[in-house]
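Asker: This is the structure I have questions about; it appears just below.
The values are calculated or read from the model by the stated rules, or taken from the named source; none is laboratory data. Just so you know, these numbers come straight off a predicted model, no measurement behind them. Note that we place each Cβ from the backbone using ideal geometry, even for glycine, and neighbour counts take in every protein chain shown. Surface areas here come from the heavy atoms of the whole protein model, side chains and all, with no ligands, DNA or RNA. Shrake-Rupley method; radii C 1.70, N 1.55, O 1.52, S 1.80 Å.
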Amino acid sequence: MRYLHLLRLGAAGASSLLLSAAAHGQNAAVPVPAPVPVPAASQQALAARLEDMKAQLAEQRRLLDRLRGTLQAQQRRIDVLQGAPITNELLGEQRGLGLQEGAGQERPGQERPGQERPGQQGTPASAAQASAPAPAPPTTPAVPPSTPGPVAVGRPPGRDSRPPEVAPIFEQPGVLTPRGKFVLEPSAQFGYSSSNRVALVGYTIIPALLIGLIDVREVKRNTFTAALTGRTGITNRFEVEARIPYVYRSDATVSRELFTGTAVERVFDTSGKHLGDVELAARYQLNDGGADKSYYVAGLRFKSRTGRDPFSVVTDCVRRCVGENASGTGLPLDLPTGSGFYSLQPSLTWLFPSDPAVFFGSISYLHSFKRHDVSRLLRDGTREPLGTVEPGKIFGVNFGVGLALNEKGSLSLGYDHSTIGRTRQNGTVVPGAVRTQLGTLLMGYSYRLAKDRTLNISIGAGLTRDTPDVSLAVRLPMTF
């Protein structure tokens with residue numbers, strides 16, 4: 001055991017000597033290099049790169065804060081949509097709002113001129129910067145800036161509150177002129193009517209035997225009216241209009257007296273042309289309509305007496321036209337071009353759009369003011385006094401439907417009816433005056449020639465005996 005212990009100690013000592021010699025040899029073989037001095041210019045370049053990296057990190061932090069604010073604003077909008085009922089107005093407002101901040105601010109990911117993207121390799125400094133470890137973010141979290149509300153980057157889809165356009169077939173238009181616009185509308189209208197009248201002058205002994213004369217008259221009447229209408233929109237709901245007409249009329253009366261021993265027909269021709277009655281009108285839209293909602297437009301029209309007066313033209317009579325000692329035909333030698341009375345007409349128009357059609361109609365009341373001390377001019381220059389004359393009131397109603405054929409053309413069908421009351425003279429009804437019914441079936445077509453010009457054509461057919469047989473109107477409104 002003693003020898004074994006000595007051998008172990010000797011082996012350990014030998015091992016220690018060998019390890020010491022090996023370590024000394026290794027230290028002698030690998031010399032430690034001396035520190036290399038760094039130039040001052042390289043230190044400045046490294047400091048500049050470090051500052052550039054700090055600036056880019058700060059910019060990225062600002063972009064992240066901006067994105068965080070945008071997400072918060074988006075979450076608020078989602079909460080509003082989930083908590084409130086969704087209406088067309090709310091959807092229209094949301095469609096017109098963006099999620100970007102005010103103008104002049106940079107969008108996330110947008111580069112400034114001369115700015116490099118993080119990680120982009122360009123100059124050697126950029127490469128060194130990419131290989132350098134990124135500095136640790138600060139422990140204090142960045143406080144996000146005040147989050148601005150949504151700022152509009154577009155316009156919400158505006159809802160047009162004006163009534164839809166239809167081919168006009170009645171006198172009053174249904175679509176109002178927009179604010180600041182002016183419409184000049186030249187028009188031409190032609191009307192033709194014919195009527196037969198049989199007058200029995202005498203007395204009968206039995207229903208089959210007549211003692212006296214039979215006067216048969218046939219009247220053919222042609223009327224041509226050229227007018228210039230101008231209207232402008234004061235607001236989007238209110239417009240004013242002025243109309244200046246020029247009227248040409250020609251009448252041909254064919255008469256024949258039976259049981260007089262002659263079958264010769266007598267023809268009495270007369271005509272007249274002059275300025276018509278100038279009209280002023282105003283219209284106001286009462287409500288905001290829409291799809292399956294009616295539009296209501298109130299109107300007021302005033303008619304003057306600028307046309308040739310019926311009481312100022314010469315009548316084919318000598319001394320008297322009515323009563324005892326009456327002579328002459330009682331027909332005017334020159335036809336009047338005006339009514340001879342001031343008139344005021346309120347009206348109410350409604351339009352109901354129901355795709356693809358538009359239903360429309362109106363009611364009106366025409367009141368003509370009475371005239372005092374009226375007299376009729378006779379052939380010999382004298383005047384026959386008539387006293388106070390009050391025309392009958394006129395109640396009117398019309399309705400129709402308009403159909404859009406394409407983006408330029410539309411077609412309208414309608415019916416117009418008017419009831420004319422009896423005329424009164426000196427407070428009593430004029431003998432022979434009756435209530436008159438006028439019914440007209442109308443059809444119109446409208447075609448858009450250009451953005452500011454439209455051609456409107458309408459034709460009417462009389463359905464009652466007192467209504468003109470046919471009427472034709474052409475309008476060309478031009479918008480400025």
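Asker: Would you calculate the convex hull of the Cα atoms in segment 329-480 and tell me its volume per residue in Å³?
Answerer: 168
Asker: Right, next: Can you compute the label reach from Leu67? Point 7 Å from Cα along the Cβ direction, backbone N cut-off under 15 Å, restricted to segment 44-60.
Answerer: Zone members listed by number: 57-60.
Asker: On full extension of the chain, what length is gained from Ile459 through Leu184, given 0.36 nm per residue of separation minus the C-alpha to C-alpha distance?
Answerer: Length gained, Ile459 through Leu184: 96.8 nm.
Asker: To continue, here is another question. Return the sequence-ordered ³J(HN,Hα) values of segment 249-255 in whole Hz as given by the Karplus equation 6.51 cos²θ - 1.76 cosθ + 1.60 applied to θ = phi - 60°, using x for Gly and Pro.
Answerer: 10, 9, 10, 10, 10, 9, 9
Asker: Given a Förster radius of 41 Å and the C-beta distance between Asn287 and Ala450 as r, what FRET efficiency does 1/(1 + (r/R0)^6) yield to the nearest 0.05?
Answerer: Working from the Cβ atoms, E equals 0.85.
Asker: Which lysines does Lys393 reach when only Cα atoms under 17 Å apart count, and residues fewer than 8 places away in its own chain are ignored?
Answerer: Lys303, Lys370
Asker: Given 0.36 nm per residue, what is the gain on full extension from Leu405 to Tyr342 after removing their alpha carbon distance, in nm?
Answerer: Value of the extension gain: 18.6 nm.
Asker: Can I ask one more? Accessible area of Asp380, 1.4 Å probe, to the nearest 10 Å²?
Answerer: Estimated to the nearest 10 Å², Asp380 gives 80 Å².
Asker: Pulled fully out, how much extra length does the chain show between Thr419 and Ser250, if you take 0.36 nm times their separation in residues and subtract their Cα-Cα distance?
Answerer: Computed gain between Thr419 and Ser250 is 58.3 nm.
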